[in-house]
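Student: First the structure, which I've put down as C-alpha cells, then a few questions once you've had a look.
The values are calculated or read from the model by the stated rules, or taken from the named source; none is laboratory data. Because the structure is predicted, anything quoted here is derived from the model rather than measured. All Cβ positions, glycine included, derive from the backbone under ideal geometry; neighbour counts span all protein chains shown.
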Amino acid sequence: MQLLYLPPLFLLTRSMRASWRAKWAGAWIFVLSGWVGQDYFSPQGFTYGMYLTFVAVLLVWFREPRVLWTRRRPGETEVGPAGRREKAVLLLVLIGLFAATVPTHQLTPFVMLGVLAVLVVADRSTLRGLPVLFAVMVAVWIGFFAEPYWSGHFDELFGGVGGLGSNVTSSVSGRIEGGSSTHKLVLYVRVAMAGGVLALACWGWWRRRFAGYGERSLPVLAFVPFLGFGMQSYGGEMALRVFMFALPGAALLAGLALFPRTGATTVEREAGRRSLAPLAALLTGLLLMGGFLVSRWGNESFERTRSGEVAAMEFVYAHDDPSVRLLWMSSDTLNSVTPAIPWGARDMEKVTYVPTLAPVDPVLVAGLVKSLKEAGPNSYLMVNRSQSTYLRLDSGYSDTWEKRLTANLDKRPELEKVLSNADVSMYALREQPTARSRSRSRARRVRRSPGRRGRWWARWPH
C-alpha cells in the first residue's frame with residue numbers, strides 16, 4: 001500500500017513550483033512519516049490511495065490555467081495543456097474516485113469534499129459546481145442507504161459533533177493516560193513525530209512566503225483535515241487519521257522548508273556558496289527514521305500475530321456451526337472493543353466476539369465464569385498473549401497477570417481447557433447450558449443493557 005501511494009504523490013509534486021530537491025525531500029518525509037499503521041489492505045488504507053490520486057488530479061489539471069503574478073509568485077505551476085476530451089475523462093475519474101469512497105469508508109469522502117470546497121473558495125480550482133454534486137452524493141448515501149445503521153447508532157456517530165475539545169483530548173492526551181512507561185514512550189514519540197512534521201510544514205510556508213512565493217494549495221491539503229476534530233473522536237483515533245490525511249500537504253511543505261526556492265540564488269552562485277540544506281535534509285531524514293521505528297513497530301509486542309493465536313482461531317472456526325461466541329479479555333467493554341487477536345478472518349455471520357471485563361486481580365475469576373454461562377451454549381473464553389500484553393502495556397495490568405489468571409481458571413471445576421498452546425488458553429463450560437436457558441439469559445441481558453452492549457446480543461444468529 002505504501003508503494004501504491006508513491007505514484008499519485010509524485011504526480012502531486014507536478015503542481016509545485018519548486019526545485020527537484022524540494023520535491024524529493026517532501027516525498028522522503030512523506031514515506032518516513034507513514035507510521036500510522038494503514039499499510040495493509042484495509043478500507044482506510046485503500047481509500048487513502050484513492051484520496052491521494054483525487055487531490056493529485058485536482059491540483060495538476062483543474063486549477064486556474066493562468067495565475068497573475070503579483071508581489072509574490074504563485075507556488076503552483078501553470079496547468080499543463082489538456083483538451084476537452086482529456087479533461088472530461090479526468091473529471092469522470094474524480095467523480096468515480098469520490099463515488100467509490102462514499103460507501104467504502106466513513107471519513108475519506110468528507111476529507112475529499114472539504115479539500116475540494118476550500119480549494120474552490122481559495123480560487124485554486126475551476127470545478128466550482130463539483131462540491132454541490134459531491135455533497136448530494138454523501139447526503140443520499142447517509143440519508144437512504146446507511147440509515148439502517150446510523151438509526152441504531154446515532155449517539156456513536158453524531159454524539160461527538162461539535163465537541164472539538166473532547167475529541168482532541170481523547171485522541172491525544174487521553175491515549176497517553178495510564179499504561180506502562182514503554183507504551184507511553186511509543187505514544188510520546190508519535191506525538192513528537194506528528195508535531196515535528198507539522199511544525200516543519202508551517203516553517204516551510206513561512207520560508208516560501210519570505211522567498212516571495214504564495215502557497216495556497218498545499219496549506220489547504222495540510223490543514224483542512226483538522227476540521228475532522230469537530231466531527232467525532234473516532235474511537236480515540238481521530239488525531240491519527242487527521243495527521244494521515246494532512247501528511248501529503250504537510251510533507252511537501254516540509255520539503256519546501258529545506259529548499260524554499262526553485263534553485264540557487266544569484267548571490268549564492270556568484271559567491272560559490274554551498275548550501276547546508278542537503279545536510280539538513282539528511283539529518284531530518286535520519287531523525288525521522290529513528291522515530292519511525294518506534295512509532296510504527298513500538299507496539300509489535302501486542303500487534304503482531306502469533307502462530308498459537310492463529311491455531312486458536314482455526315479451532316473456533318471449526319466449531320462455529322451453527323454459531324459461536326468468543327469471549328476475550330478487555331479493560332473497558334464499552335470503549336475497548338477491538339481485540340488483539342487475529343479475528344474476523346472468516347465466518348463473520350457465525351462468530352460473535354464479546355469483550356469481557358478482565359479482572360485486575362487474577363484471583364477474581366468468578367465474573368468470567370458467570371459471563372461464560374450467560375453467553376450460552378457453544379461459547380469459549382480466550383486468554384491470549386497479545387491481548388494480555390496489551391492489558392499490561394495500556395492498562396497497567398501486572399506482568400504475571402496472564403499466568404496467574406490461567407492458573408486460577410484451571411482450578412474452577414465448572415471449566416475445562418479445550419485448547420492450550422504457548423500463546424493461548426481457551427476454556428469452555430463442562431456442562432453446556434441449554435438453548436432455553438441461553439434465550440432467557442439473553443433476554444435478561446438485553447433488558448438490562450438496552451444501549452451499546454445490546455448490539456453484541458442482537459447479532460446472535462437465530
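Student: Need pairs with beta-carbon distance below 6 Å; first residue not assigned by TED's automatic domain parsing to the domain that holds V55 and of a type in the set (A, V, I, L, M) and within the stretch 211-235, second modelled with pLDDT of 95 or more and assigned to a helix (DSSP H, G or I); sequence gap 6+ or separate chains.
Tutor: Matching pairs, first to second residue: none at all.
Student: What's the total number of residues in the stretch 168-185 that are modelled with pLDDT of 90 or more and either surrounded by 19 or more Cβ atoms within 10 Å (Cβ to Cβ) or within 24 Å of V111 (Cβ to Cβ) (or both)?
Tutor: 0
Student: What tally of residues in the stretch 425-437 results from selecting those that are surrounded by 14 or more Cβ atoms within 10 Å (Cβ to Cβ) and not in a strand (DSSP E or B)? Steps first, please.
Tutor: Kept after step one, since they are surrounded by 14 or more Cβ atoms within 10 Å (Cβ to Cβ), are these residues of the stretch 425-437: 425-429, 432-433, 437.
From the residues that got through so far, the ones that are not in a strand (DSSP E or B) too are 432-433, 437.
Total satisfying the criteria: 3.
Student: Here is a further query. Based on this model, can you work out whether Q387 counts as among the polar types (S, T, N, Q), out of contact with any Gly (no Cβ under 9 Å at 6 or more places or on another chain) and modelled with pLDDT of 55 or more? Write out each step before concluding.
Tutor: Working: among the polar types (S, T, N, Q): yes; out of contact with any Gly (no Cβ under 9 Å at 6 or more places or on another chain): yes; modelled with pLDDT of 55 or more: yes.
Considered against the rule, which asks whether it is among the polar types (S, T, N, Q), out of contact with any Gly (no Cβ under 9 Å at 6 or more places or on another chain) and modelled with pLDDT of 55 or more, Q387 comes out as yes.
Student: To continue, here is another question. I'd like to verify a number: residues in the stretch 183-220 that are in contact with a Phe, Trp or Tyr (Cβ under 7 Å, 6 or more places away or on another chain) and within 12 Å of L252 (Cα to Cα), how many?
Tutor: Counting residues in the stretch 183-220 that are in contact with a Phe, Trp or Tyr (Cβ under 7 Å, 6 or more places away or on another chain) and within 12 Å of L252 (Cα to Cα) gives 2.
Student: Same structure, new question: For the stretch 306-319, give me each residue that is surrounded by fewer than 17 Cβ atoms within 10 Å (Cβ to Cβ) and assigned to a loop (DSSP other than H, G, I, E, B).
Tutor: Answer for the stretch 306-319, where residues must be surrounded by fewer than 17 Cβ atoms within 10 Å (Cβ to Cβ) and assigned to a loop (DSSP other than H, G, I, E, B): just H319.
Student: Quick one: which residue in V294, V369, V354 is within 19 Å of A407 (Cβ to Cβ) and β-branched (V, I, T)?
Tutor: V369
Student: Moving on. Which of the residues that make up the stretch 1-59 are hydroxyl-bearing (S, T, Y) and more than 22 Å from the chain's Cα centre (by Cα)?
Tutor: The answer is T13, S15, S19.
Student: I've got another one for you. Can you pull out the residues in the stretch 320-336 that are surrounded by 15 or more Cβ atoms within 10 Å (Cβ to Cβ) and more than 22 Å from D399 (Cβ to Cβ)?
Tutor: Within the stretch 320-336, D320, S323, V324, R325, L326, L327, T333 meet the criteria.
Student: Still on this model: Could we say that W35 is more than 18 Å from R208 (Cα to Cα) and buried (at least 22 other Cβ atoms within 10 Å of the Cβ) here?
Tutor: Spelling it out, W35 is indeed more than 18 Å from R208 (Cα to Cα) and buried (at least 22 other Cβ atoms within 10 Å of the Cβ).
Student: Shifting gears a bit: Do we find a residue being at pLDDT 90 or above and either within 30 Å of M382 (Cα to Cα) or under 23 Å from the mean Cα position of the chain (by Cα) (or both) anywhere in the stretch 277-286?
Tutor: There is no residue in the stretch 277-286 that is at pLDDT 90 or above and either within 30 Å of M382 (Cα to Cα) or under 23 Å from the mean Cα position of the chain (by Cα) (or both).
Student: Identify the residue in the stretch 394-417 that is over 14 Å from A358 (Cα atoms) and crowded, with 16+ Cβ neighbours inside 10 Å and, among all such residues, is nearest to the chain's Cα centre (by Cα).
Tutor: Out of the qualifying residues, it is L415.
Student: Next question, about the same structure. Are there any pairs with C-beta distances below 6 angstrom linking a residue in the stretch 120-135 that is among the small types (G, A, S) to a residue that is surrounded by fewer than 20 Cβ atoms within 10 Å (Cβ to Cβ), with the two at least 6 apart or on different chains, and if so which?
Tutor: These pairs meet every condition: A122/R216.
Student: With respect to S19, is the statement that it is surrounded by 18 or more Cβ atoms within 10 Å (Cβ to Cβ) and either outside the structural domain of A201 (by TED's automatic domain parsing) or in contact with a Phe, Trp or Tyr (Cβ under 6 Å, 6 or more places away or on another chain) (or both) true? Full working, then the answer.
Tutor: Numbers: surrounded by 18 or more Cβ atoms within 10 Å (Cβ to Cβ): yes; either outside the structural domain of A201 (by TED's automatic domain parsing) or in contact with a Phe, Trp or Tyr (Cβ under 6 Å, 6 or more places away or on another chain) (or both): yes.
Criteria met by S19.
Student: Would you mind finding the one in L107, L90 that is of a type in the set (A, V, I, L, M, F, W, C), modelled with pLDDT under 95, more than 30 Å from L240 (Cβ to Cβ) and in the same structural domain as T47 (by TED's automatic domain parsing)?
Tutor: When all the criteria are applied, what remains is L90.
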